[in-house]
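This report refers to the structure that appears directly beneath it.
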Amino acid sequence: MPVMESVIGLEIHAQLKTATKLFCSCPTSVGSEPNSHICEVCSGQPGALPRLNAKAVELAAWTGLALGSKINNFSIFSRKNYFYPDLPNGFQISQLTPPICEGGGFTLPESENKFIRLNRIHLEDDAGKCIHDKQRGLTLVDLNRAGTPLIEIVTEPDFRSPAEVVEFLKKLHTILVHLKVTEGRLEEGEFRCDINISLRPKGSEDLGIRSEIKNLNSFRHVSQAIKYEVIRQERQYERSEPIIQETRLFDPVRQETRALRSKEEAHDYRYFPQPDLPSVPVSPATLARLKSELPCLPEETTMVLLSLGLTREQVAIIQNRRGAIEYFEAAKSFFDEPKQLATLMLELLLPAALREDIYPLETKCTPKLLAVLAKLITDNTLSRRAAYNLFPEIFEHGTDPKELAELRGVLQVSDAGAIKALAVDLIKAHPNEAKKYCNGQEKILSFFVGRLMQQSQGAANPKLAGEILVRLLKSQPK
Ligand SMILES: [Zn+2]
């Protein structure tokens, strides 16, 4: 058998963060009573007409802008026909050609900067949910989710390993959450992917016959499913058994994929333009506005953090915590010392927030308070140790760090006059040591600094004390 390589492409669905559904004004919020968020449009009543949610269009276009896609100023919706109990219309409203965004992509720094190309991004609505009541032997339908806006991001088959896929998905997830395009809660299925996977002899340009693994919403399961599927297909080849184009499901308990149905081709869906909706316009003016509102991407923040000497692991900790980058950016707007802020976040804020199971921006230690704390340390007004001791109270009660430090009497004395007075007395009291310093024993400086700190009961700013002592000692008559 020739050496085989895997060819993998992804289709990612992300639920857009809009208040209402894609074609009606029902709320998108989850966790309500079954069928309480439905109307004649999203429950597929005859004669009901859909109306497009403009916010969803903007979020899709914004995603495209962030991912380097071309935004089409004209795209249309089509009906994708298939029959499921939880699809009330008997079709999904999706986009075939042209979709709202085409092309784009990004690099994977941990996979030798490989560039993954996007094929397209399009808008579509979600289906409802079937609830299987085993006790009563019934299947119930809940349409609350029906009509929820989704974007589907389709990649080219550029991946060759599970590691590349997982790196891509994590980075995409970070970008979408950062842009506030989606909440991205994996456990709620708000960010989920289908994996198309085939094998081919290495060096071949052929794509091979693929299977599709549906609906994975865990990065770990993605990796496990691909590993299993590659081995399964290799065995099929070894036994000269044909690979069947089919849709499979991953069972995380048994760690295997199982056939669900034979995979449909686009023509099986009988796509045709949705006659009830006009085309989707994205005017040049809208596009210009969206561009101007695009925030700094996590990629750029990553570069900033890495350039500060943080390790990739530390950067990942900040990036993987939802809202941590926003927190960092907000704190930076109050005090522009990124390294000091990142250190305080990594060592104090993020661990504390994690212990309380809340997001950084929800804590009482606001970005502004952390910025104040960082400034006190940077100015040498507060020793790092004292700052770390104060932090629990700031975190718990949102106390102002400066007021708290004053109250506790731990502010460092940066009053040069007061320090100088102490230093003058010290040098007078220790003439022999002062002489040794003048004769080149510079190490003796630490003796003076130590004594001065002792006499000020730890309140003197040690850096300033050192500077003043050096100046005085050097001006001693020899
Ligand atoms: Zn509705």
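The values are calculated or read from the model by the stated rules, or taken from the named source; none is laboratory data. These numbers come from a predicted model, not from an experiment. FYI the Cβ positions are ideal-geometry reconstructions off the backbone, even for glycines, and counts take in every protein chain you see.
Hey, does the range 390-400 have a residue that's buried (at least 16 other Cβ atoms within 10 Å of the Cβ), closer than 30 Å to residue 352 by Cα and outside the structural domain of residue 333 (by TED's automatic domain parsing)?
No, the conditions are met nowhere in the range 390-400.
Looking at the structure I just gave you, is residue 14 touching a helix residue (DSSP H, G or I) at 6+ places or on another chain (Cβ under 6 Å) and in the same structural domain as residue 171 (by TED's automatic domain parsing)?
yes
When you scan the range 341-381, how many residues do you find that are among the charged types (D, E, K, R), in contact (Cβ under 8 Å) with a residue 12 or more places away in the chain, farther than 24 Å from residue 463 by Cβ and part of a loop (DSSP other than H, G, I, E, B)?
Number satisfying all stated conditions: 1.
Of everything in the range 425-478, what is in a loop (DSSP other than H, G, I, E, B) and hydrophobic (A, V, I, L, M, F, W, C)? Give them in sequence order.
Correct list: 459 only.
Residue 48 versus (1) within 29 Å of the chain's Cα centre (by Cα); (2) within 10 Å of the ligand (Cβ to nearest atom): which is the lone unmet condition?
Failing condition for residue 48: (1).
Out of everything in the range 1-22 that is away from the ligand (no atom under 15 Å from the Cβ) and small (Gly, Ala, Ser), what residue ends up being farthest from residue 139 (Cα to Cα)?
So, considering only residues that are away from the ligand (no atom under 15 Å from the Cβ) and small (Gly, Ala, Ser), the one farthest from residue 139 (Cα to Cα) is 6.
Give the residue, chosen from 43, 25, 36, 29, that is within 16 Å of the ligand (Cβ to nearest atom), within 24 Å of the chain's Cα centre (by Cα) and within 30 Å of residue 131 (Cα to Cα).
29
Only one residue in 59, 65 is touching a Leu at 6+ places or on another chain (Cβ under 9 Å), away from the ligand (no atom under 16 Å from the Cβ), at pLDDT below 95 and not small (Gly, Ala, Ser). Which one?
Only one candidate passes the filter, namely 65.
Just to be sure, is residue 277 surrounded by 17 or more Cβ atoms within 10 Å (Cβ to Cβ), assigned to a loop (DSSP other than H, G, I, E, B), in the same structural domain as residue 348 (by TED's automatic domain parsing) and of a type in the set (A, V, I, L, M)?
Spelling it out, it is not the case that residue 277 is surrounded by 17 or more Cβ atoms within 10 Å (Cβ to Cβ), assigned to a loop (DSSP other than H, G, I, E, B), in the same structural domain as residue 348 (by TED's automatic domain parsing) and of a type in the set (A, V, I, L, M).
Among the residues of the range 296-313, is any crowded, with 16+ Cβ neighbours inside 10 Å, touching a Leu at 6+ places or on another chain (Cβ under 9 Å) and farther than 25 Å from residue 55 by Cα?
yes
How many residues does the range 69-96 contain that are more than 16 Å from the ligand (Cβ to nearest atom), out of contact with any strand residue (DSSP E or B) (no Cβ under 6 Å at 6 or more places or on another chain) and touching a residue at least 24 places away in the same chain (Cβ under 8 Å)?
Of the residues in that region, 6 qualify.
Considering 226, 244, which residue is in the same structural domain as residue 23 (by TED's automatic domain parsing) and either closer than 24 Å to residue 152 by Cα or touching a Cys at 6+ places or on another chain (Cβ under 9 Å) (or both)?
The conditions single out 226.
Residues are listed down the side, and each one gets a yes or a no for (1) surrounded by 13 or more Cβ atoms within 10 Å (Cβ to Cβ); (2) at pLDDT 90 or above; (3) touching a Leu at 6+ places or on another chain (Cβ under 8 Å):
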| position | (1), (2), (3) |
| --- | --- |
| 430 | yes, yes, no |
| 436 | yes, no, no |
| 441 | no, no, no |
| 444 | yes, no, no |
| 454 | no, no, no |
| 457 | no, no, no |
| 469 | yes, yes, yes |
